[in-house]
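Engineer: My structure is below; once you've seen it, I'll send some questions.
The values are calculated or read from the model by the stated rules, or taken from the named source; none is laboratory data. Remember, predicted model here, so these are calculated numbers, not experimental data. Virtual Cβ from ideal backbone geometry, glycine too; neighbours counted across all protein chains shown. The protein model used for the area step is the full one, side chains on, heavy atoms only, and it has no ligands, DNA or RNA in it. Shrake-Rupley method; radii C 1.70, N 1.55, O 1.52, S 1.80 Å.
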Amino acid sequence: MSVPKELYNLKFSEYLESLKILYLLDDNFKTICDDYCASTLKTEKYKKKFEKYFQYKLEAENLAKELEEEILIYLIRNGWDKK
């Protein structure tokens, strides 16, 4: 059984050897670490989703602004200005 890659991070770097030993020998510590890893993976998953949907939101907002301008230009050019 190996230590999950999520535990190889800067915060734990000075404790890496102790972490490896405890992970393999102490079931309570392993549970905490496994929960941490699961939480870290979920965080990354939702971060990626947020970034993806944020990009879609920006694209939709930009398109809406461009279309607003086109509508106004069309109305003005065709004599439908503010009456």
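Engineer: Using a cut-off of 19 Å between alpha-carbon atoms, which lysines can reach Lys30, once sequence neighbours fewer than 8 places away in the same chain are excluded?
Structural biologist: Lys5, Lys11, Lys20, Lys42
Engineer: State, to one decimal in nm, how far the label point of Ile73 lies from the label point of Leu58, with both points 7 Å from Cα in the Cβ direction.
Structural biologist: About 2.4 nm separates the two model spin labels.
Engineer: Provide the per residue accessible area, probe 1.4 Å, for region 17-83, rounded to a whole number of square angstrom.
Structural biologist: Numbers: 6210 Å² over 67 residues.
Value returned for region 17-83: 93 Å² of accessible area per residue.
Engineer: Relative contact order, percent, of the chain when contacts are C-alpha pairs under 8 Å separated by at least 6 residues? Provide the component values of the computation, followed by the final result.
Structural biologist: On the way: 20 pairs, mean separation 17.6, N = 83.
Relative contact order for the chain comes out at 21 percent.
Engineer: What is the projected area of the convex hull of the Cα atoms of region 20-83, averaged over all directions, in nm²?
Structural biologist: Reported value for the Cα convex hull: 6.3 nm².
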